[in-house]
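Here the structure comes first, spelled out in structure tokens, and everything after it is commentary.
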Amino acid sequence: VPALATERRFAQRLRERLEEERFLDERYQLQRVPGGRVALPVREEQLPRLCLPPEMPCELVRIQDPVPSRAARRRTPAQKLRDELRRLLGGTWSPELERDVPHAWQRHGDLVLLGEDSFKAAPWERLGSALWETVASALGARRVARRGRVMPDGMRTPSVTLLLGQDGWVEHVDNGIRYTFDVTKCMFSPGNITEKLRVASLPCSGEVLVDLYAGIGYFTLPFLVHAGAAFVHACEWNSHAVEALHRTLVLNGVRDRCHIHAGDSRQVSAAAWPRTPLPAGIPSPPLSSQLELRDVADRVNLGLIPSSEEGWPVACRVLKKDTGGVLHIHRNVETPPAPAPPPERGSPEAAGSGGEAQPPTGDAGKELLGARLRPEWQRWAEATAAQIRGLLAELHGRPWRTSVLHVEAVKSYAPHVHHLVLDLECRPVLP
């Protein structure tokens, strides 16, 4: 790190001068150097403009092992990234470029995944690989990628560009489970963490489960690793997710308790789907037609949004016909805002300063909102239960009963739209 070395009696005056002209590199501490002198770190990019003050004798030196200052040790990763980029660009730094620097990103091991709006200004392009090497160094990563818009191909394939590094394969640990996937081919959904934790706590010991939309194993793995399912049939139509799921099963030591059904479980035979070559030493996952699967499941997971309704007939067919089981049905449900209730006559809230009704505030308003949303969810659950009951009766030629066990709100998906999961118990009516 470049520095100006001066006698101790001049050090304070020199520091004030450097701070005034913004030459002092505040990322590093002042250090003693041979000869009883003090070295003040200066910014590399400012060296061409540096004029040594004659009234304060000093010499330009290099500090071989600079010590980070207290301020530098307290810097957030976003601040460190901004400082390193400002240092890289020197005099061409501008407010426009500062606005283009991200404040948040996803991290998967040694790979940093930037948002799609990061580093879009023209000056960044001229830096080439130096930009991405600086980003990686500032954030303690080795690889850098940038996210684009999700492709409208029915598989939620990400549009991700690898900017630094040889490949996009990463490992992500979630609730003690190691997931591996290629960020340029598959998505990881951190927003579903509450449902993955709930699934992990379900009593599935000894059960056979069918996961109709397995993806890279978001729910397949919690059912196997934590919930104690005896066996899982995992169905997935994205060949890249199939490869990731196979690797993840191997990584977690549960490959022998899962059969992967590759292909669209609603329509086609998986035998017609192309296999994705796997690296040497990893056997290819067996392929079979999901349409051939019947009467096997104690539990079926339908983790597809905005709706898994196209998979309901398949879910009914794979449930055990003699004992039935439980369906976990995901759906995005619209919950329009409820109108405020009329105030009670004579209450303090009945009129404001102008005689107009005032909306509830604080915690009372939140409780009211929650209470008014819940009936919408209940009506959806009851309507779904009736549809499933009809499908099962038509399939087996005898009556079934369905019972709503639980409705779980996973997350707010959009304004007035909630991602819900219905736990629905389905049992044949005994003669």
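With respect to the conditions (1) modelled with pLDDT of 85 or more; (2) on the phi < 0 side of the Ramachandran plot, residue 53 lacks only one, and its number is (1).
Considering segment 78-93, and only residues there that are in contact (Cβ under 8 Å) with a residue 24 or more places away in the chain, open to solvent by less than 60 Å² (accessible area, probe 1.4 Å) and of a type outside the set (A, V, I, L, M), the residue that is farthest from residue 141 (Cα to Cα) turns out to be 90. You will find that of 131, 85, 89, 111, the residue that is more than 30 Å from residue 34 (Cα to Cα), aliphatic (A, V, I, L, M) and under 23 Å from the mean Cα position of the chain (by Cα) is 111 and no other. Residues to consider are 402, 384; find the one that is in contact (Cβ under 8 Å) with a residue 40 or more places away in the chain, under 29 Å from residue 194 (Cβ atoms) and either surrounded by 14 or more Cβ atoms within 10 Å (Cβ to Cβ) or under 33 Å from the mean Cα position of the chain (by Cα) (or both). So the residue among 402, 384 that is in contact (Cβ under 8 Å) with a residue 40 or more places away in the chain, under 29 Å from residue 194 (Cβ atoms) and either surrounded by 14 or more Cβ atoms within 10 Å (Cβ to Cβ) or under 33 Å from the mean Cα position of the chain (by Cα) (or both) is 384.
Quickly run through segment 238-260 and pick out the residues that are without any contact (Cβ under 8 Å) to a residue 24 or more places away in the chain and over 16 Å from residue 178 (Cα atoms). Hit for segment 238-260 is 256, nothing else.
From the residues in segment 100-138 that are open to solvent by less than 20 Å² (accessible area, probe 1.4 Å) and part of a helix (DSSP H, G or I), which one is farthest from residue 180 (Cα to Cα)? Here the residue is 124. Residue pairs whose Cβ atoms lie under 9 Å apart, separated by 6 or more positions or on different chains, with the first residue in segment 39-59 and under 15 Å from residue 5 (Cβ atoms) and open to solvent by 40 Å² or more (accessible area, probe 1.4 Å) and the second acidic (Asp, Glu) and at pLDDT 90 or above, are 57/7.
Can you confirm whether segment 216-227 contains a residue that is touching a Gly at 6+ places or on another chain (Cβ under 7 Å), hydroxyl-bearing (Ser, Thr, Tyr) and modelled with pLDDT of 95 or more? Scanning segment 216-227, I find no residue that is touching a Gly at 6+ places or on another chain (Cβ under 7 Å), hydroxyl-bearing (Ser, Thr, Tyr) and modelled with pLDDT of 95 or more, so the answer is no. Consider residue 46 carefully, then state whether it is in the same structural domain as residue 134 (by the TED database) and under 28 Å from residue 92 (Cβ atoms). Answer is no for this residue. Evaluate the following for residue 165: is it touching a strand residue (DSSP E or B) at 6+ places or on another chain (Cβ under 9 Å), more than 27 Å from residue 420 (Cα to Cα) and open to solvent by less than 60 Å² (accessible area, probe 1.4 Å)? Yes; evaluated as a whole, the condition is true for this residue.
Here residue 155 passes the criteria (1) surrounded by fewer than 18 Cβ atoms within 10 Å (Cβ to Cβ); (2) modelled with pLDDT under 95 except the one numbered (1).
Counting the residues of segment 209-241 that are part of a helix (DSSP H, G or I) and open to solvent by less than 10 Å² (accessible area, probe 1.4 Å) gives 6. Determine whether segment 268-291 contains at least one residue that is in contact with a His (Cβ under 9 Å, 6 or more places away or on another chain), surrounded by 14 or more Cβ atoms within 10 Å (Cβ to Cβ), closer than 24 Å to residue 426 by Cα and modelled with pLDDT of 95 or more. Looking for residues that are in contact with a His (Cβ under 9 Å, 6 or more places away or on another chain), surrounded by 14 or more Cβ atoms within 10 Å (Cβ to Cβ), closer than 24 Å to residue 426 by Cα and modelled with pLDDT of 95 or more, one finds none in segment 268-291, hence no. For segment 323-345, does any single residue satisfy the condition of being open to solvent by 30 Å² or more (accessible area, probe 1.4 Å), modelled with pLDDT of 95 or more and not in a strand (DSSP E or B)? Scanning segment 323-345, I find at least one residue that is open to solvent by 30 Å² or more (accessible area, probe 1.4 Å), modelled with pLDDT of 95 or more and not in a strand (DSSP E or B), so the answer is yes.
Scanning segment 1-38 for residues that are in contact with a strand residue (DSSP E or B) (Cβ under 7 Å, 6 or more places away or on another chain), open to solvent by 10 Å² or more (accessible area, probe 1.4 Å) and acidic (Asp, Glu) yields one hit, 7.
The values are calculated or read from the model by the stated rules, or taken from the named source; none is laboratory data. Keep in mind that this is a model prediction, so the values were computed, not measured. Note that we place each Cβ from the backbone using ideal geometry, even for glycine, and neighbour counts take in every protein chain shown. Remember, those area values only see protein heavy atoms, side chains included, never the ligands or the DNA or RNA. Shrake-Rupley method; radii C 1.70, N 1.55, O 1.52, S 1.80 Å.
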